[in-house]
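What follows is a short report on a single structure.
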Amino acid sequence: MQSTSSIKSLNNIVELADTESNSEDLQKCPPGDYQATKQARTLEQRVDGLRQTLERHRGSRQLVILQDFPDPDALSSAWTYKLIAEQYDIQCDIAYAGTLSHQENIALVRLTGLPVQRWMNQANKNRDLSVYAGSVLIDNQGTTSQLMDLVKQANLPVLVVIDHHSIQEDFQPEFADIRVGARATATIVTQYLQAGLLNLDSSVGEHIKCATALMHGLRSDTNRLMQAQEEDFLAAAYLSRFYDTQLLNAVLQTSRSKQVMDVIERSLKNRSIQNNFSIAGVGYLRYDDRDAIPQAADFLVTEDNVHTAVVYGIVHDEDEEIEVVIGSLRTNKITLDPDEFIKEAFGHDASGRYFGGGRSLAGGFEIPMGFLSGFNEHSEFTRLKWNAYDTQIKQKLLRLVNPDDNPIHTS
Ligand SMILES: [Mn+2]
């Protein structure tokens with residue numbers, strides 16, 4: 001088995017060297033049918049090589065290692081590999097040892113639900129890698145990951161390398177597809193998809209999200225396609241059948257802090273949609289992060305079949321020791337009056353002051369918590385308090401959302 005795989009890997013490396021000289025030749029030669037055929041055959045060989053490697057490891061578990069500061073190209077390509085490997089009953093864990101430093105990368109992971117794990121250094125000492133049949137390097141060759149020490153200590157073989165950086169390590173994986181001329185690993189793995197290693201299905205949410213992540217990865221490694229080559233455009237054209245433009249747009253809005261992302265994540269998780277209204281309570285948040293509520297509402301209203309989003313949470317001001325329920329409404333429905341809607345939903349306080357109001361397409365509300373306000377050291381009480389407000393606010397909103405006795409005329 002050992003000797004078979006090293007022969008196999010030698011073949012792969014020879015094939016790789018061939019391919020590189022081919023692509024250099026391609027630059028010099030005028031394009032023609034012969035070259036096109038030759039190039040297609042080479043891709044076919046690569047796909048076959050990967051297919052055979054996956055087949056050999058059917059039913060196993062693999063560790064996919066990313067660089068310490070994973071970028072969208074790495075993250076999306078690793079996810080694609082994981083989905084392809086699932087076709088062969090191979091379970092992959094995608095891990096990195098550093099941090100997701102860029103807001104945009106945090107956004108990508110959160111908003112697409114990208115299955116990646118951060119392996120912290122302290123915990124790594126006690127990690128049992130014996131569950132893995134091998135490791136996989138995507139968009140790197142191990143030189144940019146602290147996890148490689150761990151892999152070496154555990155004698156975990158490197159099974160697969162898919163990358164577009166120049167050749168760095170001298171190991172012999174069972175399968176390598178290292179294309180130094182390629183602009184993005186996302187382009188390489190998209191070609192695997194097109195070759196049939198996994199048929200994307202636009203009715204599968206995970207496929208849509210992965211295609212969106214790949215589009216982002218491809219764009220970010222090609223400077224928004226400005227440095228893209230023909231193969232990148234072809235890959236992007238293929239992904240355009242599946243990716244979600246609104247989701248990509250949300251990922252690209254990079255100025256959001258981690259706290260804001262947390263709130264958007266909670267709003268996505270907690271939202272309930274009824275009659276085209278999306279309603280989400282996000283729990284407690286710090287005063288400094290209160291702007292996350294309208295941003296979450298902005299995001300939820302972009303969902304297909306949603307015309308109005310309401311997001312609310314309990315904002316805690318540590319200095320003042322006060323708490324207040326803050327909510328935001330966003331709507332695309334020009335016939336819905338946010339001011340009227342919020343006044344109708346929440347009414348006014350004892351002195352006749354409304355809890356909120358609005359303008360065209362947007363509104364907000366603030367409900368002081370009075371006697372119940374302030375930090376409590378009993379977490380159970382804190383939870384109960386949230387549940388009480390959450391239930392009450394939902395109830396008031398749903399009274400208007402419910403068409404049976406809808407006092408607000410929205411059309
Ligand atoms: Mn890359």
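Readers should treat all values here as calculations from the given coordinates under stated rules, not as data from a laboratory. Everything numeric in this text was worked out from a predicted model, so none of it was measured. Using ideal geometry, Cβ is built from the backbone for each residue, glycine included, and neighbour counts are taken over all protein chains shown.
Just D201, D304, D339 to compare: in a GNM of the chain, with alpha carbon springs under 10 Å, which one fluctuates most?
D304
Would you please give the residues with an amide H less than 5 Å from that of I94, counting only those at least 5 places away or on a separate chain, with H modeled from the backbone geometry?
V64, Q117
Comparing L147, L66, L361, which has the greatest mean-square fluctuation in the GNM of the chain with Cα pairs linked when under 10 Å apart?
Taking springs between Cα atoms under 10 Å, the residue moving most is L361.
Write down the percent of antiparallel bridges among all DSSP beta bridges whose residues are both part of the stretch 250-326, to the nearest 5.
Beta bridges within the stretch 250-326, antiparallel portion: roughly 50 percent.
Using just the C-alpha positions of the stretch 257-405 as equal point scatterers, what log10 of I(q)/I(0) does the Debye formula give at each q in 0.11, 0.14, 0.15, 0.16 1/Å?
Per q value, in the given order, log10 I(q)/I(0) is -0.39, -0.64, -0.73, -0.84.
Report the residue, chosen from L63, L159, L336, that carries the largest GNM mean-square fluctuation when the chain is represented by alpha-carbon nodes joined by springs under 10 Å.
L336
Any idea how many Lys pairs in the stretch 257-405 come in under 26 angstrom at the alpha carbon, given 8 or more places apart or on separate chains?
14
In nm, to one decimal, how far is the E303 label point from the R118 one, both placed 7 Å along Cα→Cβ?
Modelled inter-label distance: 2.6 nm.
Tell me, what does the Kirkwood hydrodynamic radius of the stretch 286-355 come to in angstroms if you use every pair of distinct C-alpha atoms?
Numbers: mean 1/r = 0.0743 Å⁻¹.
For the stretch 286-355, the Kirkwood estimate is 13.5 Å.
Loop only by DSSP, 13 or fewer other Cβ within 10 Å of the Cβ. Give me the chymotrypsin sites (Phe, Trp or Tyr not before Pro) in the stretch 322-382 that pass, ordered by residue number.
Those that pass, being in a loop and sparsely packed, are F375.
Dipole size in debye (nearest 20) for the chain around its Cα centre, Lys and Arg Cβ +1, Asp and Glu Cβ -1?
Working: 38 positive and 56 negative charges, 108 e Å.
In total the dipole reaches around 520 debye.
If only Cα atoms are counted, what is the Rg of the stretch 260-320, and what is its Dmax, in Å?
Rg then Dmax for the stretch 260-320, in Å: 11.6, 41.
Given the Cα atoms of the stretch 94-204, and with Rh set as the inverse mean 1/r over their pairs in the Kirkwood sense, what is Rg to Rh to two decimals?
On the Cα set of the stretch 94-204, Rg over Rh gives 0.97.
For the stretch 337-403, run through the GluC sites (Glu not before Pro) and keep only the ones in DSSP coil with at most 10 other Cβ atoms within 10 Å of their Cβ.
Answer by residue number: E377.
Counting DSSP beta bridges with both partners in the chain, what percentage is antiparallel, nearest 5?
Rounded to the nearest five, the antiparallel share is 45 percent.
Over all distinct alpha-carbon pairs, what is the Kirkwood Rh of the chain in angstrom?
Across the chain, the inverse of the average 1/r is 24.0 Å.
Which percent, to the nearest 5, of DSSP beta bridges fully inside the stretch 257-405 are antiparallel?
The antiparallel fraction comes to roughly 75 percent.
When the chain is fully extended, how far beyond the present Cα-Cα distance does E44 get from V180, taking 0.36 nm per residue of separation? Mind dumping the intermediate values first?
On the way: separation 136, 0.36 × 136 = 48.96 nm, distance 1.81 nm.
Result for the pair: 47.1 nm of gain on full extension.
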